[in-house]
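Asker: Okay, here's the structure, questions in a sec.
We did not get these values from a lab; they are worked out from the coordinates using the rules stated. Given the structure is predicted, the values throughout are model-derived calculations rather than measurements. Heads up, the Cβs are rebuilt from the backbone with ideal geometry, glycines too, and the neighbour counts pull from every protein chain shown.
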Amino acid sequence: MNSVLVLAVLSLFLLPVVCRSHGPKVFSVLRYGAVADNKTDNTKAFMRAWVAACRWRGKSRVLIPPGSYYLASLILRGPCNGPKQFVIKGVLTAPTKPALFFIDHWITFQHINKLKIYGGGTLDGQGASAWPYNNCRTGSCKPLPVSLRLDFVNDSKISNIKSINSKNFHFNVFSCYRLNFSRVTISAPEDSPNTDGIHVGGSGDVAIDTADIATGDDCISIGPGNKGIRISNVVCGPGHGISVGSLGKSDREEGVSGVSVVNCTFRGTLNGVQIKTWPDPEAAGGFASDFMYDNIVMEDVDNPIFINQQYCPYNLCSAQGSSKIQISNITFSNIWGTSTTKDAVKLECSESNPCHDIALENINLKGPGGVSSSSCSNVHGRSRAPVNPPSCIR
Ligand SMILES: *[C@@H]1O[C@H](CO)[C@@H](O)[C@H](O)[C@H]1NC(C)=O
Ligand SMILES: *[C@@H]1O[C@H](CO)[C@@H](O)[C@H](O)[C@H]1NC(C)=O
Ligand SMILES: *[C@@H]1O[C@H](CO)[C@@H](O)[C@H](O)[C@H]1NC(C)=O
Ligand SMILES: *[C@@H]1O[C@H](CO)[C@@H](O)[C@H](O)[C@H]1NC(C)=O
Ligand SMILES: *[C@@H]1O[C@H](CO)[C@@H](O)[C@H](O)[C@H]1NC(C)=O
C-alpha cells in the first residue's frame, strides 16, 4: 500500500520532467531581444536565437510568436546538434531600402539536416520596393533577394507557411535531398518580375504537395540537375505555369529525370505544363526524361501543353541553332479544360535531337470557340484516344 502510494507520488513529480525532456527545447526570439513592432531591426536577435537552438543537443525549436518583425538578410547555418524546428507564427517584413537588398537572399538556411519550418506565419518580401530594379533584360543586373533559400538541406519539411510579394523568387531550393513542401501559399502580382514561386535546382527527392501559387513568373520551376521531383495538388495562377527549365543555357549541364505533376489546376496562366530549353547547339550534356503529367485541369491557359526547345526570351540567345538537350519518355495524360489560344498542344522539339517516347492520352483541350489544334516538330511517340486537339505525333 505504502509503496504504491510512494510510486504514485513519485510519478506525479517525475512525469512532467520526463514529458518536458521529450519535447523540443524552445528558443523564442523575444528572449533574444526581438521586438515585434515591425520596425526594430531583429536580424541579430534571430541570429542569436538560431545559434543557441542549433547548438542545443537534441531537438529544439526557434519560435517566432505572433506579431510583426522587421528583418534584414541573414544566413542560418548548420550543421546543428539534432533536429531543429523554425516555427513562424508571426509576419516577417523584409527591408525596403535598396542599400539593404542588392544581395541574393533574404533568409537562407544552409547545411542542415532534419529541419522543419512551419507555423502559419508569413514572409512579406516587400517586393514593390525592388521590382523596378529588376532590369536584367537590359543587361545591367544587380542581384535581388530570394525570400527563402534552402541550400544543402536534407530530410526536411516546409509546411503551412505563406510568402507574399517576394523581390525575386519566393523559395529557392539548391542541393537539397528528401525535402517536402506542403500547404504553402504564395502570392505576388501577376506583373511582378521574376517572382517564381518555388525554384528547385540540383536536388533530389523533393515533394511539393498542396500549394496555392499566384505569382508573376513560373509557379514552380525545375532547373538542371534534379532527380525525383513530385508535384501534386497545386493550384497555379496567375503565373507562367509549372516549368522544367530553362535547360541548356550552359555547357556540361546535368539532366532532369523523374518529374511528376499530378492533380493540379492552372487558372489563367501563360503556360500550363512546360519544358523549355535554349536553342544553343554548344550547350551539351543535359537531358529531360521520365516525366509524368497526369490529371490536370486547365482553365483559360494560353499554352496548356508546351515543349519549347526554342526558348529565347528577349532574344538573349548566345547562339541560334538547335538544342542538344535530349527530351524523352514524357507522358501527358488526363488533361482537360480550356485554352485561350487555338494551339493548345505545342510540341516543338530539337532538329538535331528530336524528342522520343512522348505520349498523349485522354486529352481534351478546347480553344477559342471550342476549336483547338496541335503542332509538332521533331517529335516521336504515340497517342491514345481520346485526344482533342487531334494528335500530331507520329
Ligand atoms: C510592416 O511594415 C510595412 C512597411 O514597412 C508594411 O508594408 C507592412 O504591411 C507591415 N506589416 C504588418 C504585419 O503590419
Ligand atoms: C544530403 O543527401 C545527399 C544525397 O543523399 C548526400 O550526398 C549529402 O551528403 C547529404 N548531406 C548531408 C549534410 O548529410
Ligand atoms: C516527405 O514525404 C514523404 C511522403 O511523400 C514521406 O515518406 C517522408 O517521410 C517525408 N519527409 C519528411 C522529411 O517529412
Ligand atoms: C490524385 O488524385 C487521385 C484521384 O482523386 C488520387 O487517387 C491520387 O491519390 C492523387 N494523387 C496524389 C499524389 O495526390
Ligand atoms: C518512363 O517514365 C516513367 C515515369 O514517368 C517511369 O516509370 C518509366 O520507367 C520510364 N520508362 C522507361 C522505359 O524508362
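Asker: Name the residues whose placed amide hydrogens come within less than 5 Å of the amide hydrogen of Gln85, ignoring near sequence neighbours (fewer than 5 apart) on the same chain.
Answerer: So Gln85 has HN proximity to Ser60, Arg61, Val62, Lys116.
Asker: Do any of Lys44/Lys167; Lys324/Lys366; Lys25/Lys167; Lys227/Lys249 go past 26 Å between their Cα atoms, and which?
Answerer: Over 26 Å apart, Cα to Cα: Lys324/Lys366; Lys25/Lys167.
Asker: So, one more: How big is the dipole moment of the stretch 155-237 about its Cα centre under a simple scheme where the beta carbon of each Lys and Arg is +1, that of each Asp and Glu is -1, and everything else is neutral? Debye, nearest 20, please.
Answerer: Approximately 320 debye in magnitude.
Asker: Something else: How high is the relative contact order of the chain, in percent, with contacts defined as C-alpha pairs under 8 Å that are six or more residues apart?
Answerer: Once divided by the residue count of the chain, the mean separation gives 8 percent.
Asker: Then there is this: Just how far, in whole angstrom, is the stretch 254-321 from the stretch 150-193 if you go by their alpha carbon centroids?
Answerer: 20
Asker: Also, quick follow-up: Which of Ser73, Ser339, Ser350 ends up with the largest GNM mean-square fluctuation for the chain, with Cα atoms connected below 10 Å?
Answerer: Its mean-square fluctuation being the largest, the pick is Ser73.
Asker: How large is ³J(HN,Hα) for each residue in the stretch 259-264, as worked out from phi by the Karplus curve 6.51 cos²θ - 1.76 cosθ + 1.60 (θ = phi - 60°), to whole Hz, x for Gly and Pro?
Answerer: Residue by residue, the stretch 259-264 yields 10, 10, 10, 10, 6, 10 Hz.
Asker: Looking only at Gly239, Gly90, Gly216, which one moves most when the chain is put into a Gaussian network model with springs between Cα atoms under 10 Å?
Answerer: Gly90
Asker: Hey, how many Å between the Cα centroid of the stretch 330-392 and the Cα centroid of the stretch 62-127?
Answerer: Using only Cα atoms, the two centres lie 42 Å from each other.
Asker: Apply the a/c threshold of 1.5 to the C-alpha gyration tensor of the chain and tell me whether it is rounded, prolate or oblate.
Answerer: In terms of gyration-tensor shape, prolate.
Asker: If you build a Gaussian network model of the chain, linking Cα atoms that sit under 10 Å apart, which residue out of Asn263, Asn165, Asn81 swings the most?
Answerer: Asn81
Asker: Could you list Ser373, Ser246 so that the one with the fewest beta carbons within 10 Å of its beta carbon is first and the one with the most is last?
Answerer: Fewest-to-most Cβ neighbours within 10 Å comes out as Ser373, Ser246.
Asker: Could you calculate the FRET efficiency of Glu254 with Asn233 from 1/(1 + (r/R0)^6), where r is the beta carbon distance between them and R0 is 41 Å, rounded to 0.05?
Answerer: 0.90
Asker: On C-alpha positions alone, give me the angle between the axis of helix 43-55 and the longest principal axis of the chain, in degrees, nearest 10.
Answerer: Around 80 degrees separate the two axes.
Asker: Between Cys312 and Lys97, what length in nm is gained on full extension when 0.36 nm per residue of separation is reduced by their alpha carbon distance?
Answerer: Stretched fully, the Cys312-Lys97 segment lengthens by 74.1 nm.
Asker: Additional query: With charges only on Cβ, +1 for K and R and -1 for D and E, what is the dipole size of the chain about its Cα centre, in debye, rounded to 20?
Answerer: 1880
Asker: If I take R0 = 45 Å and measure r between the Cβ atoms of Asn329 and Asn81 in this structure, what FRET efficiency does the formula 1/(1 + (r/R0)^6) give, to the nearest 0.05?
Answerer: 0.55
Asker: A follow-up question, please. Answer with one residue from Leu71, Ala53, Phe101: the one whose Cα lies farthest towards the positive end of the charge dipole of the stretch 47-124, charges on Cβ with Lys, Arg +1 and Asp, Glu -1.
Answerer: Checked the options; the winner is Ala53.
Asker: Along Cα→Cβ, 7 Å out, is where each label goes; now give me the distance between the ones at Arg394 and Asn135 in nm to one decimal.
Answerer: 5.0
Asker: Next question, about the same structure. Specify which residue in the list Ser257, Ser175, Asn135 is farthest towards the positive end of the charge dipole of the chain, using unit charges on the beta carbon of Lys, Arg (+1) and Asp, Glu (-1), about the Cα centre.
Answerer: Going by the Cα projections, it comes out as Ser175.
Asker: Still on this structure: Using only Cα atoms, tell me the angle between helix 2-22 and the longest principal axis of the chain; keep it within 0 to 90° and round to the nearest 10.
Answerer: 40
Asker: I've got another one for you. What nm value, rounded to one decimal, do you get for the distance between Asp357 and Asp300 when each label is placed 7 Å out toward the C-beta?
Answerer: Computed distance between label sites Asp357 and Asp300 equals 3.9 nm.
Asker: Separation between the Arg57 and Ala385 pseudo-spin-labels, each 7 Å from Cα along Cα→Cβ, expressed in nm?
Answerer: For the pair Arg57/Ala385, the computed spacing is 7.1 nm.
Asker: Is any residue of the stretch 257-284 close enough, with backbone N under 18 Å, to a label point placed 7 angstrom from the Cα of Asn180 along the Cα-Cβ axis, and if so, which?
Answerer: 260-263
Asker: Now, a different point. What fraction of the Cα pairs in the stretch 218-394, stated in percent, has a spacing above 31 angstrom?
Answerer: Of all Cα-Cα pairs in the stretch 218-394, 8 percent lie more than 31 Å apart.
Asker: Nearest 20 debye, what's the magnitude of the dipole of the stretch 218-394 about its Cα centre given +1 on Lys and Arg Cβ and -1 on Asp and Glu Cβ?
Answerer: 280
Asker: Among Trp278, Thr185, Pro304, which residue has its Cα furthest toward the positive end of the charge dipole of the chain, with +1 on Lys/Arg Cβ and -1 on Asp/Glu Cβ?
Answerer: Farthest along the dipole direction, towards plus: Thr185.
Asker: Tell me which residues come under 5 Å, amide H to amide H, from Thr195 once H is placed; ignore anything under 5 positions away on its chain.
Answerer: Under 5 Å from the amide H of Thr195: Gly216, Asp217.
Asker: By count of other Cβ within 10 Å, fewest leading, how are Arg394, Arg61 ordered?
Answerer: Neighbour counts put them in this order, fewest first: Arg394, Arg61.
Asker: Using Cβ counts within 10 Å as a stand-in for footprinting exposure, how do Met298, Met292 rank, fewest first?
Answerer: Final ranking by Cβ density, sparse to dense: Met292, Met298.
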